[in-house]
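The block underneath contains the structure these notes are about, expressed in structure tokens.
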Amino acid sequence: MARLRTAILISGRGSNMQALIESCRAPASPAEIVLVLSNNADAGGLSIAAKAGIATSVIDHRSYRDRAAFDAELDRRLRAADAAFVCLAGFMRLLTPAFVERWRDRMINIHPSLLPAFPGLDTHARALAAGVRFHGCTVHFVRFETDAGPIIVQAAVPVQAADTPDSLAARVLAQEHRIYPQALAWIAEGRVRIDGERTVVSGAAVPPAALISPTPA
Ligand code: GRF
């Protein structure tokens with residue numbers, strides 16, 4: 001079966017990118033990473049990708065007169081690489097409605113919260129300030145609104161009393177590295193259907209039990 005030709009867009013360290021690259025290395029992987037693209041030449045993820053033998057590309061957003069011109073170049077490079085699917089992995093640029101529409105249902109993102117709670121930045125500090133008992137991460141299809149779109153998979157992480165934003169971020173990140181490759185594989189296997197603004201994942205199980213926190217010691 002042809003593998004899903006996937007590009008990853010990054011701006012920074014690229015740990016989710018690395019998790020995607022590693023999972024796609026398996027010969028049986030239904031997806032392959034054909035390009036890593038960054039708006040930032042200093043993104044740490046670029047050298048990780050290059051070492052893994054993946055083609056990389058930089059489009060410095062400061063060289064473009066506006067978002068539309070930047071996004072047009074982004075689209076051009078994705079097409080030049082014959083990418084059929086896009087994963088945003090810490091890509092810190094807002095995308096134009098035209099670009100989002102062009103890649104509608106062919107572009108996913110990972111966000112470090114249980115959406116729709118805490119869209120935007122500083123999610124871990126905001127979760128701690130709100131006193132939530134569970135925090136986590138979400139993989140979702142991209143719509144124009146920031147951090148919105150049909151949810152594919154989430155991981156819930158209990159908040160510990162002693163958590164700082166950094167300790168909570170580290171535990172959430174470990175789950176990001178599990179659910180992002182899983183979501184891409186499900187999509188590449190044709191198991192994810194979008195129904196309205198919800199998704200249906202075939203052949204996937206849902207935990208039967210509730211998670212409660214805190215519980216009696
Ligand atoms: C991750 O927390 C991701 O959820 C968010 O940006 C961060 C990127 O980290 N969108 P990395 O570059 O993948 O390590």
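The values are calculated or read from the model by the stated rules, or taken from the named source; none is laboratory data. Nothing here was measured: the structure is a model prediction, and the numbers come from that model. Here the Cβ is made from the backbone with ideal geometry for all residues, glycine too, and neighbour counts use every protein chain on show. Heads up: the accessible areas ignore ligands, DNA and RNA and are worked out on the full protein's heavy atoms, side chains in. Shrake-Rupley method; radii C 1.70, N 1.55, O 1.52, S 1.80 Å.
So for region 57-79 (the condition being within 16 Å of the ligand (Cβ to nearest atom), modelled with pLDDT of 95 or more and open to solvent by 20 Å² or more (accessible area, probe 1.4 Å)), does at least one residue qualify?
Of all residues in region 57-79, those within 16 Å of the ligand (Cβ to nearest atom) come to 58.
Going one step further and asking which of them are modelled with pLDDT of 95 or more, we end up with 58.
Checking which are open to solvent by 20 Å² or more (accessible area, probe 1.4 Å) leaves us with 58.
Looking for residues that are within 16 Å of the ligand (Cβ to nearest atom), modelled with pLDDT of 95 or more and open to solvent by 20 Å² or more (accessible area, probe 1.4 Å), one finds at least one in region 57-79, hence yes.
Only one entry of A174, A148, A156, A185 meets the criterion of being farther than 19 Å from G120 by Cα and away from the ligand (no atom under 12 Å from the Cβ), and that entry is A185. Here is the figure for region 35-46: residues that are open to solvent by 30 Å² or more (accessible area, probe 1.4 Å) and away from the ligand (no atom under 13 Å from the Cβ) total 1. In region 80-92, which residue that is within 27 Å of E176 (Cα to Cα) and open to solvent by 60 Å² or more (accessible area, probe 1.4 Å) is farthest from the ligand (Cβ to nearest atom)? My answer is D82. Residue count for region 8-34, restricted to those that are touching a residue at least 40 places away in the same chain (Cβ under 8 Å), surrounded by 24 or more Cβ atoms within 10 Å (Cβ to Cβ) and outside any helix (DSSP H, G or I): 3.
For region 107-134, a tally of residues being closer than 27 Å to G44 by Cβ, surrounded by fewer than 16 Cβ atoms within 10 Å (Cβ to Cβ) and more than 10 Å from the ligand (Cβ to nearest atom) returns 4.
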